[in-house]
Amino acid sequence: MQVVIRPNTNIGELDAESDNRFLSECFVDNGLIEVLYDVEEVKSIVLGRTGSGKTATLMHIESESNKNRVKLIDLENLFLNYIDNSNIIKFLQQNDINLDIFYRYLWRHILTIEFLKLKYPDWSESKKLANFISEIYQSITKPNQKIAYEYLKNWSDKYWIETEENVKEIMENLTQNIQAETGVSVHDFFNGKLNSSSENAKEVKTEVQKRVQAVVDKIQISELSKVVEVLNEHVFSDRQNPYYLLIDKLDENWTSPEIRHGLIKALIEEIKFFRKIRNVKILASLRVDLFLKTIEQSRSAGFQEDKLQSIIYKVKWSEKDLKDIVNKRISYLYKSKYTKENVCFEDIFPSPNRKGEAWNYILQRTFWRPRDILQFINYCLENSVNKVSIDWGAIQDAEKIYSRERLRSLYEEWHDIYPSLEYIVPIISDMQKIEFSIDEFRENLSDEMILKVSIDIQNGYSFDPLYQAFRNYLDESPDKENLVNIILSCFYQVGLFGLSEKYSDSYDWSFKDIPYKSKMECGKTNYIKVHKMFCSALHIYIE
């Protein structure tokens, strides 16, 4: 009996949170899970592009672990909304106060509390907590660790309140300390009382800023350092039972990029710091573009990409892994809806034709990410309703929708770094072919096209290197070589272009090879290839 594909048939949702059914039954481990579980292994940050499986990985760890020793932190409900809308944070930012120490203190306090709650979930009575703190005091032998006891004691009556309330109290204490030190209220700053242009007002404001920075720098982070030391020696000492905090969605629901980058930088530093507790591990997922933007915004000694590599795991999938994901999901779909027989990709997709094998055709139009392949196959199924299998016509129709969706998603993914990307990408369409030489690309980029693109781009993108390159070409020096190399660097990084220095049949791609090429490196390019994912959307013909 032949099975007919029904409406609304798919092999999973594109976001992990909505894909519980398939994730629980069809999860494929590409080697990452073992690395993350190992508390001796320093890699703690799951770094990948959107759709690479970062959230799915953390969700799998949460679902498969001992529920008493793992917790997925809901950042939005925890404290992000409060921080993001805080007047005191806005005040500090407007006055160029360095918040690095404060953000690190905030994370250190929150993570300490969350680990203690995970370790001791039954402290519902203040007496139990008081007994614990007393026991800690008795076990401390190092004089400098007594500070940790005082810190825990001071916060003991607030242990069971929601973490957001803890954050509010920290913020209120900071506000009060600032006002006590400076004699000026935050309200006065927001109402312009210190914004006069007079020299006296400027001197007063400068003095206030110095005092505010001094208050921020005095935050009790050293006390918390001793708390972490005590936790390692006296609390989390059972090497057989590690504890995990999982942090996801660092790329969602923020109104202030400055706050986001500051908090992400602080979190990364605190993840490294909490390695001092050998029996706990903080695991966080982070999008590549957000990581790069945080690095760019936070240039400082000790916070450089190469110095963070030890704690970063870059998500990559092999062709075998991706095929396993697809086959598991197709098999599960058919067994749950249609037949008890084991069905795989080849059973429902067409035989090879002049376009090659269906699997290779689809794979070549992805960044080798689960989401790309799932989306393409879902569109194929959508175009095959009431048929017993997927034919080449359905694949090509699916490609048209898929290509447009992927291009739109690309603009969204890289908007924080290249907001003008969507205005510049159309220059590729004028090439009208998938492969071309650097000379052809340079020649196609005429002054008229550069002017048109510059006019199309809206103002307000001063931080965008693409936009700046176009404006500099028109306003300062018409150095086309420089402009071309900046475009190549961007298009390579986001995945639009593959680049080759020597041969027209061997290209580097950012999702498989080195993730970034500088202007100088791009200057050695001789051949360019447009990724097949975007050819349909850009009206580029593939022979």
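Values quoted throughout were computed directly from the atomic coordinates according to the rules given, and no laboratory measurement underlies them. These numbers were taken from a predicted model, which means no experiment stands behind them. Glycine gets a Cβ as well: all are built from the backbone with ideal geometry, and neighbour counts include every protein chain shown.
Listed cross-link partners Lys117/Lys328; Lys142/Lys314; Lys265/Lys320; Lys387/Lys529; Lys314/Lys519; Lys43/Lys320 are compared with a 29 Å cut-off, the Cα-Cα value being larger for Lys117/Lys328; Lys142/Lys314; Lys265/Lys320; Lys387/Lys529. Placing a pseudo-label 7 Å from each Cα along the Cα-to-Cβ vector at Tyr411 and Tyr338 gives an inter-label distance of 3.6 nm. Got a sec? Which residues in segment 330-367 would a label at Val4 touch, if it sits 7 Å along Cα→Cβ and we count backbone N under 15 Å? Counting only backbone N, you get 338.
For segment 224-237, 3J(HN,Hα) computed residue by residue from phi via the Karplus equation (6.51, -1.76, 1.60; θ = phi - 60°) reads 5, 4, 5, 4, 4, 4, 5, 4, 5, 7, 10, 10, 9, 9 Hz, glycine and proline entered as x.
When only the Cβ of Lys, Arg, Asp and Glu is charged (+1, +1, -1, -1), the dipole of segment 421-535 relative to its Cα centre reaches about 340 debye.
Restriction of the GluC sites (Glu not before Pro) in segment 1-70 to DSSP coil positions whose beta-carbon has at most 15 other beta-carbons within 10 angstrom yields Glu40, Glu41. Note on Glu169 and Asp217: their simple-model spin labels are 2.8 nm apart, each label 7 Å out from Cα toward Cβ. Computed from Cα positions, the angle between helix 257-273 and the longest principal axis of the chain comes to roughly 70 degrees.
Evaluating kT/(6 pi eta Rh) at 10 °C and 1.306 mPa s, with the Kirkwood radius of the chain over Cα pairs in the Stokes-Einstein relation, gives 60 µm² s⁻¹.
Each peptide in 267-274, 237-244, 398-405 receives the mean, over its residues, of other Cβ atoms within 10 Å, and ordering these scores from highest gives 267-274, 398-405, 237-244.
Under 14 Å from a label point set 7 Å out along the Cα-to-Cβ vector of Ser318, the amide N atoms of segment 20-53 belong to 29-32. By the count of neighbouring beta-carbon atoms within 10 Å, fewest first, Arg406, Arg365 end up ordered Arg365, Arg406. Residues Phe291, Phe345, Phe497, arranged from fewest to most other Cβ atoms within 10 angstrom of their Cβ, appear as Phe345, Phe291, Phe497. Expressed to the nearest 5 percent, the antiparallel share of DSSP beta bridges inside the chain is 35 percent. Across the options Pro478, Gly31, Ile311, the greatest Cα extent toward the positive end of the charge dipole of the chain (unit charges at beta carbon of Lys, Arg, Asp, Glu) belongs to Gly31.
Think of it as helices only: each DSSP H run of n ≥ 4 in the chain is worth -39500 (n - 2.57), and spread over all residues that comes to -15500 deg cm²/dmol at 222 nm. By the Cα gyration tensor, segment 355-402 has an equivalent ellipsoid whose semi-axes, rounded to whole angstrom, run 17, 12, 9 from largest to smallest.
Taking other Cβ atoms within 10 Å as a rough exposure proxy, His531, His539, His60 sort from fewest to most as His539, His60, His531.
Modelled label positions at Asn98 and Glu17, each set 7 Å beyond Cα in the direction of Cβ, lie 3.6 nm from each other.
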